[in-house]
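Data block below; observations after.
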Amino acid sequence: MTATLMLMDTMSGELKPVRAADGHRLRFYCCGPTLYDRAHIGNFRTFLVQDVFRRVAELSGLPTLHVRNVTNVEDKTIRRSQELGEDLAAFTARWKVAFDQDCRSLNMLSPHHEPGAVEHIAEQIALIETLMGKGMAYLGEDGSVYFRISEFPAYGRLSRLDARTLRSGEAHQSDEYDRESISDFALWKAAKPEDGPNHWESPWGPGRPGWHIECSAMSMKYLGPTLDLHSGGVDLVFPHHENEIAQSEGATGKPFTLHWFHVTHLMVDGAKMSKSLGNLYTLDDIKAMGFSAAEMRYVLIAGHYRKPLNFKRESLEAARLALKRLASVQALLDQAAGGPALATWDNLCGAEKTQDTLGHFAPAWEALLDNLNVPKALGEVFTACHEVERMSRDGSLPPEQAVVERQGLVLLLASLGLILPVPSPEADEAPGEVQQLAQQRWEAKQAKNWGEADRLRDLVAARGWRIKDRKDGFDLVRS
RNA sequence: GGCGCGGUAGCCAAGUGGUAAGGCAAGGGUCUGCAAAACCUUUAUUCGUGGGUUCGAUUCCCACCCGCGCCUCCA
């Protein structure tokens, strides 16, 4: 059984083992959100895949040091906060609160560090000074500082972009005169009137950092000059990550990132998600549609991260049923094992993962180790569920075996971060009136007064509750 | 135009050089007074199209069609 997580590396295009260079702790960086609006479910697809990645890495026995930045100063944050007449820090702080709420409700692990660009101006300036000192950056005619791509021959390797194919011309109008080359990008942007008070002092005058430099500065501050792994949405491959490589390696002369991990975009109803198409959803929109964050999470991780995932409402309905199914199997296993599981995260991380310890869920775990193949893992999970149910039915599920199978299920649920609905009856939550009707219906049923029983059942249903009969009574669940 | 990723049942989605996981939906069944719930079971001779390699391809090669992403600040 493979013990190491294998993952596609964008740079080499090959499957590579996920490794900690120091042999101890995986240091990885994820490009986080820009704090100017509510994050949408497409953003969360990426963050959720990264969350599953981290879970699987840790559960496979590899501790992590996870850094994810927040971009709290760039064009959009400045423009919008100015439009609102709001202080930039207050503006971005509001969106950070919203983002954190969404992350929590999606059951995402918190990164160990969440640095913000504004809080690391000094580090960014220092990095730019280093590049200036090496002749890899220059002051443009507009007072901004640019990276000199001609000094970094490896530019374009990640995105397999031949410098000659860079589309040039019309799109970039006047500002090209400020730069030596059309491909050079801004490290530091000179203050403009429309920026309002949002500028900082620097050796090149007041201004603000360019977008790319924050990730170089902050990732290296928290993780060192060479990161084990770096992740983001595919759209960041060029130019963002390409520029990060140029800035970082240009400054340090060391490899910046050993393993690149990119997540493909989410589509909605077969189209690119965009505001103009009206198909851009936030987590709140999903909740307003009557679905839970757990269901949303299931949908967003259920596709392979390398393939476009087509989101539709029906996916949420399917997820709801799938989660219920898993919950019922978990309940079955708890019962067969003689009590609920009490596995802690550390426990799970350190545990042996073999056929003997995971039972029928072992293939699902292997699927996760193989390039984070969540769809295959889910398929194997349900196959294992069938087996467990069959054994239970046949009476061939002794407590020792149930304990093993449950370990397998618990590991998979922890890997995927799935939170299962509580399957227990909610009878005591039903309003007294509903309970009374249901009780009367039960009595009518016992008296074989079918007409009256059915009438009362309809009344209960009309109040939004469903009667589930047992041999010796009934349960009430919300319908 | 360049680079990259895809096109598998009604929908979502794995996968393999030897004849297609799983989820949802749908049909049938067990259970039930009838239901609901739960469980069992059935459903792609076929994997965008056309060629080629092979004893054999959905899986490898070539061409074409379609979708999506990036090509300067969008996860």
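The values are calculated or read from the model by the stated rules, or taken from the named source; none is laboratory data. Computed from a prediction, not measured in an experiment: that's the story for all the values here. Cβ sites come from the backbone with ideal geometry, for glycine too, and all protein chains shown count toward neighbours. For accessibility, only protein heavy atoms count, side chains too; no ligands or nucleic acids. Shrake-Rupley method; radii C 1.70, N 1.55, O 1.52, S 1.80 Å.
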If we scan the stretch A:416-429, do we find a residue that is within 9 Å of RNA strand B (Cβ to nearest atom) and charged (D, E, K, R)? no
Selection within the stretch A:380-395 - in contact with a helix residue (DSSP H, G or I) (Cβ under 8 Å, 6 or more places away or on another chain) and either open to solvent by 40 Å² or more (accessible area, probe 1.4 Å) or within 6 Å of RNA strand B (Cβ to nearest atom) (or both): A:Glu380, A:Phe382, A:Thr383, A:Glu387, A:Glu389, A:Ser392
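This table checks each residue for (1) under 12 Å from A:Leu420 (Cβ atoms); (2) small (Gly, Ala, Ser); (3) modelled with pLDDT of 95 or more; (4) near RNA strand B (Cβ under 10 Å from one of its atoms).
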position	(1), (2), (3), (4)
A:Pro308	no, no, no, yes
A:Glu317	no, no, no, yes
A:Val329	yes, no, no, yes
A:Ala336	no, yes, no, no
Total residues in the stretch A:86-112, condition over 13 Å from A:Thr34 (Cα atoms) and open to solvent by 70 Å² or more (accessible area, probe 1.4 Å): 5
Among the candidates A:Glu180, A:Glu201, which residue alone is open to solvent by 30 Å² or more (accessible area, probe 1.4 Å), at pLDDT 95 or above and among the acidic types (Asp, Glu)? A:Glu201
Output the residues belonging to the stretch A:277-296 that are open to solvent by 30 Å² or more (accessible area, probe 1.4 Å) and within 20 Å of A:Pro308 (Cα to Cα). A:Leu277, A:Gly278, A:Leu280, A:Tyr281
Please enumerate the residues belonging to the stretch A:179-224 that are in a helix (DSSP H, G or I) and farther than 16 Å from A:Ile128 by Cβ. A:Pro193, A:Glu194, A:Asp195, A:Tyr222, A:Leu223
Tell me the helices (runs of 4 or more DSSP H) entirely within the stretch A:383-477 that contain at least 2 residues that are of a type outside the set (Gly, Ala, Ser) and without any contact (Cβ under 8 Å) to a residue 12 or more places away in the chain. A:432-446, A:450-462
If I filter the stretch A:455-473 for residues that are away from RNA strand B (no atom under 11 Å from the Cβ) and in contact with a Lys or Arg (Cβ under 7 Å, 6 or more places away or on another chain), do I get at least one hit? yes
Considering every residue within the stretch A:367-377, establish whether at least one is more than 11 Å from RNA strand B (Cβ to nearest atom) and assigned by TED's automatic domain parsing to the domain that holds A:Ala351. yes
Give me a count of the residues in the stretch A:228-242 that are under 28 Å from A:Gly133 (Cα atoms) and within 12 Å of RNA strand B (Cβ to nearest atom). 8
Of residues in the stretch A:243-291 being in contact (Cβ under 8 Å) with a residue 40 or more places away in the chain, part of a loop (DSSP other than H, G, I, E, B) and more than 30 Å from A:Phe152 (Cβ to Cβ), the one nearest to RNA strand B (Cβ to nearest atom): A:Met273
Of all residues being among the hydroxyl-bearing types (Ser, Thr, Tyr) and within 14 Å of RNA strand B (Cβ to nearest atom) in the stretch A:113-152, which is most open to solvent (accessible area, probe 1.4 Å)? Just the residue, please. A:Ser150
Looking only at the stretch A:306-346, how many residues end up being within 30 Å of A:Leu280 (Cβ to Cβ), open to solvent by less than 60 Å² (accessible area, probe 1.4 Å), out of contact with any Asp or Glu (no Cβ under 9 Å at 6 or more places or on another chain) and not in a helix (DSSP H, G or I)? 1
Could you say whether any residue in the stretch A:57-66 is within 15 Å of RNA strand B (Cβ to nearest atom) and either buried (at least 23 other Cβ atoms within 10 Å of the Cβ) or over 29 Å from A:Arg306 (Cα atoms) (or both)? no
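Criterion first (closer than 26 Å to A:Ala367 by Cβ, within 11 Å of RNA strand B (Cβ to nearest atom) and either free of Cβ contacts under 8 Å to residues at least 24 places away in the same chain or not in a loop (DSSP other than H, G, I, E, B) (or both)) does A:Phe28 satisfy it?
No.
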